[in-house]
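One structure is given here, and the rest of the page talks about it.
The values are calculated or read from the model by the stated rules, or taken from the named source; none is laboratory data. Keep in mind the model is a prediction, meaning the values are calculated, not measured. Glycine gets a Cβ as well: all are built from the backbone with ideal geometry, and neighbour counts include every protein chain shown.
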Amino acid sequence: MSHLTRSTSKLLRPLAVLLAAGLALTPASLLAQSPPPRATGAKTASTQDADLPIRRITLYRSGVGAFERRALIEGDNKVQLRFNTDQINDILKSMVVLDLSKGKGQIEGVSYSSKEPLARRLSSFGVNISDNPSAGEILNRLRGTRVKIKTPAGESTGTIMNVERKPTVLPAANATPPQVVDLPWINLVTDQGIKCVNLTESTGFEILDAALADELNKALAALAEYRAERTKTVDINLRGEGAREIVVAYVQEAPVWKPSYRLILPEASKRTTEPASKSNDAKDAA
């Protein structure tokens, strides 16, 4: 195991603090001798990303894992690492990046493409769908806008005054007496006056304001883009001369590590008494 300098130990202390007792990546473990990695990258500024493979994984019973990546790089370079979007916050908080060249290089910066929260982004459009509104709620938010409501009886065109719930008599069916329930109705201002349309009978609607219709399409596109973005890329920019060893360590969620053991005895062996123990999770202990 290699010896540590005081400056290197100080750089690694934040990670040990974040991992807490029993989960720490000690400086010695991060800088322990690993199989000599091959140099990657060019001697000048590289247009290709350097490869930084995982060299060590430590799993813990608390449901987290410590991951160590390291490689030899040459000259100016950039490392790109991809992580699941739901884990990126914990990874960035625990990440430690080291250049072990003793003055030949430096870490220029660590960055990633951060986007504003989805709800805030959706609320910025002309049609707010951030709270997953129903069709009636969307129409109510479009008050003052001309729309076309489609029903089996025909189409109704007008300017939305409001959407309200009002008692509606449902006709009797199969010997069931008529019922009165509150249903959503839309009130449209037309050339002939106010027209009320039962939205439960609507088969669709069309926003006649092209700008607002485009805003709704943009909001839906943003929703689809956010759902499709399952990973984020972290860029590590490196600057220096000659071959240098780079170490990146971080913590992320991982399966709980539970070791198990098996005792195999010869069939002709004498009778033996072996100790055994059983441990239950807190939720299993009644």
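Here are some notes:
- Residue 127 being among the β-branched types (Val, Ile, Thr) and touching a residue at least 24 places away in the same chain (Cβ under 8 Å): yes
- Entirely in region 49-118, the strands (runs of 3 or more DSSP E) that have 1 or more residues that are surrounded by 13 or more Cβ atoms within 10 Å (Cβ to Cβ) and modelled with pLDDT under 85: 105-112
- Yes/no for residue 210 being farther than 30 Å from residue 72 by Cα, surrounded by 15 or more Cβ atoms within 10 Å (Cβ to Cβ), modelled with pLDDT of 75 or more and assigned by TED's automatic domain parsing to the domain that holds residue 148: no
- Strands (runs of 3 or more DSSP E) contained in region 189-263 and holding at least 1 residues under 30 Å from residue 110 (Cα atoms) and under 21 Å from the mean Cα position of the chain (by Cα): 231-240, 243-253
- Just one of the listed residues (132, 140) is loosely packed, with under 11 Cβ neighbours inside 10 Å, polar (S, T, N, Q) and in the same structural domain as residue 219 (by TED's automatic domain parsing), and it is 132.
Condition check ((1) within 17 Å of residue 219 (Cα to Cα); (2) modelled with pLDDT of 90 or more; (3) in contact with an Asp or Glu (Cβ under 8 Å, 6 or more places away or on another chain)) across all residues:
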| residue | (1), (2), (3) |
| --- | --- |
| 149 | no, yes, yes |
| 157 | no, yes, no |
| 164 | no, yes, no |
| 167 | no, yes, yes |
| 176 | no, no, no |
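- Number of the exception - residue 191 against (1) farther than 14 Å from residue 139 by Cα; (2) touching a Pro at 6+ places or on another chain (Cβ under 8 Å): (2)
- Positions within region 136-173 being touching a residue at least 40 places away in the same chain (Cβ under 8 Å), outside any helix (DSSP H, G or I) and not small (Gly, Ala, Ser), in sequence order: 142, 145, 146, 147, 148, 149, 150, 151, 152, 157
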